[in-house]
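The values are calculated or read from the model by the stated rules, or taken from the named source; none is laboratory data. The shown structure was predicted, so the numbers you read here are calculated from the model rather than taken from an experiment. A quick note on method: Cβ atoms are made from the backbone with ideal geometry, for glycine too, and the neighbour counts reach across all protein chains shown.
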């Protein structure tokens with residue numbers, strides 16, 4: 001009897017990394033999942049393009065810059081870099097493959113070392129839920145409305161007179177509200193304040209891929 005295959009998406013990439021890069025990537029991946037952040041949410045918090053973290057994790061773009069690593073540590077609430085990243089920089093190079101596949105409602109990452117005979121050995125596997133949408137949250141509409149109202153208060157107070165990193169906005173909103181708010185809602189709200197029915201909203205996104213994106217008044 002045939003077995004029903006529930007793998008809907010599969011991608012595999014191979015790349016040369018230093019041992020330091022591999023261990024750093026592994027630590028960030030574990031920590032962001034432990035915090036409940038998707039790759040897109042972490043990218044938002046550090047002011048990067050939406051696919052940036054996912055593409056680094058799947059070897060689709062170069063490894064994080066030093067500035068990226070500092071912002072990631074702050075986003076993951078690690079005040080001291082040495083608590084998150086390896087204390088010794090090991091620049092020995094290794095060939096690593098990563099396979100990312102979607103199984104039911106979860107992403108599965110499998111990282112393997114590749115030897116000279118092109119044989120692979122699994123180093124570690126990581127699983128996480130697929131990116132959420134607003135309909136996934138029973139009280140999502142109510143929370144979203146509260147976040148919009150809070151950001152509106154910040155706008156009227158002149159908060160965005162100077163450009164703010166998404167991580168700063170996330171922290172400010174959570175300081176003003178009694179319960180924790182996920183970056184998921186804040187990212188959705190900020191997108192809405194920048195675009196209102198295909199016209200420019202009260203805020204705009206400034207910056208580029210070489211520096212962190214920020215939000216400021218129009």
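Say whether the condition of being farther than 22 Å from residue 127 by Cα and touching a residue at least 24 places away in the same chain (Cβ under 8 Å) is met by at least one residue in region 50-70.
So far as region 50-70 goes, yes, one or more of its residues are farther than 22 Å from residue 127 by Cα and touching a residue at least 24 places away in the same chain (Cβ under 8 Å).
Taking first residues from region 95-118 that are outside the structural domain of residue 29 (by TED's automatic domain parsing) and partners that are modelled with pLDDT under 90 and surrounded by 15 or more Cβ atoms within 10 Å (Cβ to Cβ), no Cβ contact under 7 Å between residues at least 6 apart in sequence or on separate chains turns up.
Could you check how many residues of region 193-214 are modelled with pLDDT of 90 or more and assigned to a helix (DSSP H, G or I)?
Pass one, region 193-214, residues modelled with pLDDT of 90 or more: 193, 202-206, 212-214.
From the residues that got through so far, the ones that are assigned to a helix (DSSP H, G or I) too are 193.
Residues flagged as modelled with pLDDT of 90 or more and assigned to a helix (DSSP H, G or I) within region 193-214 amount to 1.
Candidates 42, 84: the one that is modelled with pLDDT of 95 or more and either within 19 Å of residue 165 (Cβ to Cβ) or surrounded by fewer than 16 Cβ atoms within 10 Å (Cβ to Cβ) (or both) is 42.
Residue selection: residue 178 fails the criterion of being in contact with a helix residue (DSSP H, G or I) (Cβ under 8 Å, 6 or more places away or on another chain) and farther than 17 Å from residue 37 by Cβ. Taking (1) under 21 Å from residue 62 (Cβ atoms); (2) at pLDDT below 95; (3) surrounded by 14 or more Cβ atoms within 10 Å (Cβ to Cβ) in turn, residue 33 satisfies each apart from (1). With respect to (1) in a helix (DSSP H, G or I); (2) loosely packed, with under 14 Cβ neighbours inside 10 Å; (3) modelled with pLDDT of 95 or more, the lone exception for residue 145 is condition (3).
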